[in-house]
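Bear in mind that the values in this text are calculations on the coordinates, not laboratory data. Keep in mind that this is a model prediction, so the values were computed, not measured. Here Cβ is always computed from backbone atoms with ideal geometry, including for glycine, and neighbour counts include all displayed protein chains.
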Amino acid sequence: MTQPAAKPAFRLLRLFRPEEIVYLSFFAILAIISLIEGESHIHLAQDRLGYTFLAIGTAIITFRFNRLLYHSQGIPWSELRLEARQSFQLIRDIFSVLMCWAMYASIKSIMPESALLDDWLIKADRLIFGFDPVVALEKLIRPWLTDFMVFNYVMLFAYIPGVFFVLTLKNCRRGLRDFMLGLILASFFGYLGYLAVPAIGPQHTQANLFTVDLWQRETSAMAKDALELLINLNRIKRDCFPSMHVCLACICLFYAWRWVRGLAWLLLPATLCLIFSTFYLRYHYVVDAIAGIGLAWAVFAATPRLIHWWENTIGPLETDKVEKNV
């Protein structure tokens, strides 16, 4: 079946993928806000992002060309061209993953010093539960549990590369496009949510209500230092609502369920523990997690329709046909 001709206004979009349009729109919005606020630049964590991308790209190209040289005494031009195109495609995919990080880091330069809205979030928690659930969790605090929760919290940094790697290894191009669009869309709305609802979390605003120290032994203190070092890398100050830790973990879980069901079963208990860790470690209110789950589900439901619209209006995204795992 032939694809309908794209309208002239949409032809330029054929050069891009949907997720690329989303993150470019995000940076355009931040640029406009920066100009209005008189900022001279947008913080993109250029040094770390650039070095990371360069290292990954170089490693991929080196590996793929060495593989070609190993399997053949000479490299036909057609094979070399195909290998170059596939290498570029993979680097382009990885770049989109890195843009998820860059989107977060870029908010730092324009985060307003407006009034905090933690009181609203505390009231929402109390409205739902009738008490402060994060404070109530201090009854469960144990040194071993704190260490376990720290482990679960930082494991998010393995979720996205893990799902990306499995989809790439299975050559599930449709699934990868679906996942990448969901990841970037969730980041788009979630990070703008930080601007709309500035909040710093219960570890600061409810500190006077806690009676049990979360970090009760030396190993826990070491875990705390390691956790803060990792989290504070390019961290912005008001990144509480919605909980993007919860949102991105759920994005990985939902898309794994759609495309790689076996991986989803592995992610399910880990994701539940991660969600609980955001309350236990006092980084988020429960309503933050509810918003994060809701955002992830909305994006998960929307991306197939968006991809369908893109392919019918602008053009096909992938040429290979890979059926989803059921």
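Scoring 21-30, 137-146, 174-183 by mean Cβ neighbours within 10 Å over their residues and listing the highest first yields 174-183, 21-30, 137-146.
The alpha carbons of the range 126-208 stretch over 51, 36, 21 Å along the principal axes, in descending order.
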